[in-house]
1. Residues that are crowded, with 20+ Cβ neighbours inside 10 Å and not β-branched (Val, Ile, Thr): find the helices (runs of 4 or more DSSP H) completely inside region 166-267 holding 2 or more of those.
2. Against the conditions (1) part of a helix (DSSP H, G or I); (2) modelled with pLDDT of 90 or more, where does LEU58 fall short? Just the number, please.
3. If the Cβ limit is 9 Å and pairs must be 6+ apart or interchain, which residue in region 229-248 that is within 23 Å of SER207 (Cβ to Cβ) pairs with which residue that is among the small types (Gly, Ala, Ser) and modelled with pLDDT of 90 or more?
4. For region 71-95, name all the residues that are over 16 Å from ASN134 (Cβ atoms), more than 20 Å from the chain's Cα centre (by Cα) and either surrounded by 13 or more Cβ atoms within 10 Å (Cβ to Cβ) or of a type in the set (S, T, N, Q) (or both).
5. Wholly within region 65-152, which helices (runs of 4 or more DSSP H) include no fewer than the required count, namely at least 3 residues that are under 26 Å from ALA28 (Cβ atoms) and in contact (Cβ under 8 Å) with a residue 24 or more places away in the chain?
Amino acid sequence: MTTLWFLLVAIMLVAYIVFDGFDLGVGAIYKLAARTPEERAAVRRSIGPIWDANEVWLLAAGGTLYFAFPELYASSFSGFYLPLMLVLWLLIGRALGLELRSHADDPLLGEVCDTIFMLSSLLLPVFLGAALGNVIRGVPLDGDATFFLPLWTDFRPGPHPGVLDWYTVICGVVALIAIATHGANYLTLRTTGEVNRRARGIARAGSLLLPVGTAVSLAATIAVRPTVLENFRAHPAGFLIPAAVVASLVVMALAARRGRERTAFAA
């Protein structure tokens, strides 16, 4: 049962990253892809019916952690208290910026909503990527399976790390590039005109930057946590995962260059 619940939580988290990821990516490149009020309205309409439904995957994963792994839930939410509060406020800001935008008749208020929506969507992948980096790097659990991390210390992984150090920041940047590219590929499917042209440009740039970021993060991971390779030595079938990642990056780059938007988005 433990393995089953672990798999369920993993599936929910992956579903959140994939399905809400393109919503976050659209928000992260919002002002880059859309310049005029009409263009921004078209971008908002592209995710309007689905963005809040996609966030249910995150709620489901959190709820499952609470019931299936209460000790992990308690340790994580106490140790990562400050960054989790920041993530919560970013989720609230993103929702408010998007929902209130349609009611903002004043241009200044509309610009404020647009800015809050974009900044929240941009920072969320960074914090979520940094959280993944903390899990890979490890946290200083004590004998009671609890820990607490400040937002940063000396910005280096070590015996007294912070939530943010050079490694977790790399993870956050790679997550942002991946999510922004995912959102750009989505916009190429749902928009036309200038928005579509700009989204194509961002998608192509992202498809070139993402392999570089992935390689850098891989090297950094091996440097920070060399034991990460032990599972691959013990279970060679695990090499299918990085092989699939490499194949997806190649397919996405080729599809983006050839104008095959659906293939790039799927990859």
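The values are calculated or read from the model by the stated rules, or taken from the named source; none is laboratory data. What you see is a predicted model, and the numbers here were worked out from it, not measured in a lab. No Cβ is skipped: glycine too gets one built from the backbone with ideal geometry, and neighbour counts run over all protein chains shown.
1. Qualifying helices (runs of 4 or more DSSP H): 166-190, 193-224, 240-258, 261-266.
2. It fails just one condition, (2).
3. So the pair list comes out as ALA247/ALA267; SER248/ALA266; SER248/ALA267.
4. Residue satisfying the conditions is ALA74 alone.
5. 81-101, 107-137
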